[in-house]
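Every number here is computed from the coordinates shown, using simple stated rules; none is lab data. In this text the structure is predicted, and so the values were computed from the model without any measurement. All Cβ positions, even for glycine, are placed from backbone atoms using ideal geometry, and neighbour counts span all protein chains on display.
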Amino acid sequence: MIQYIENTYSKKVTMPAIIRVPLFIVSCSILFCSCLTQAEILDNNPIITIEKRQNINVVYDVKDDNWEAGIGQALYYVRGLLESYKSMGISPTQLHISVVVHGPVAYWLLNDSAYQQRSDDPFDYNPNETVVQQLIAHGVSVEICNVSMKAKHWTASNLLPGVVIVHDAYTRLIDLQYRGYAYIRF
């Protein structure tokens, strides 16, 4: 049986079923082979991993009020960095991570009572509390700038448990970089 397919020029083009089926099989075979070729390429080009596996020092400079998955974006990515090192078999004891929070995002480190006062909402809560506590439990030093705190009239009693107060963000960042910490800006 011959089927007619109308093309854009309104001419009748015939393609018997005996040609259509093998054409379909050849097309699928080419597609399948191209996928295998991509897999082979990936096997021949391994993923680059890390060389330094001990005493890994990282400092995060956190001052942009961006959010990811309902928490502060920088905190989200610090957690991701911990997971990435874990997936490569790096012990958490080899990681020395400081998160220096200052400026407009300092409120991320407030306890619920201070967070509610800041937002003027008695039912509000700090969505960063859980991730901050998890990071601290994993040995991350979560730090807040004292200058930012003074500007907002906050005291140590307004902070989440375990948050460290540093004299000011910039001298802390400079000091850690001079001590060999890799700098990541958020």
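Things worth noting here:
- Residue exposure proxy: Ser141, Ser113, ordered by other Cβ atoms within 10 angstrom of their Cβ from fewest to most, comes out as Ser113, Ser141.
- Charge dipole of the range 111-186 about the Cα centre (unit charges at C-beta), most positive-ward option of Ile165, Ile184, Asn146: Ile184
- Long-range amide H partners of Leu159 with built H, under 5 Å: Asn111
- Gyration tensor (alpha-carbon) shape descriptor, the range 65-178, a/c threshold 1.5: oblate
- Protection proxy ranking, peptides 153-162, 123-132, average beta carbon neighbours within 10 Å, highest first: 123-132, 153-162
- For the range 56-185, a crude dipole built from +1 on the beta carbon of Lys and Arg and -1 on the beta carbon of Asp and Glu, taken about the Cα centre, is about 400 debye to the nearest 20.
- Descending by average beta-carbon neighbour count within 10 Å, the peptides 91-101, 167-177 line up as 91-101, 167-177, the highest first.
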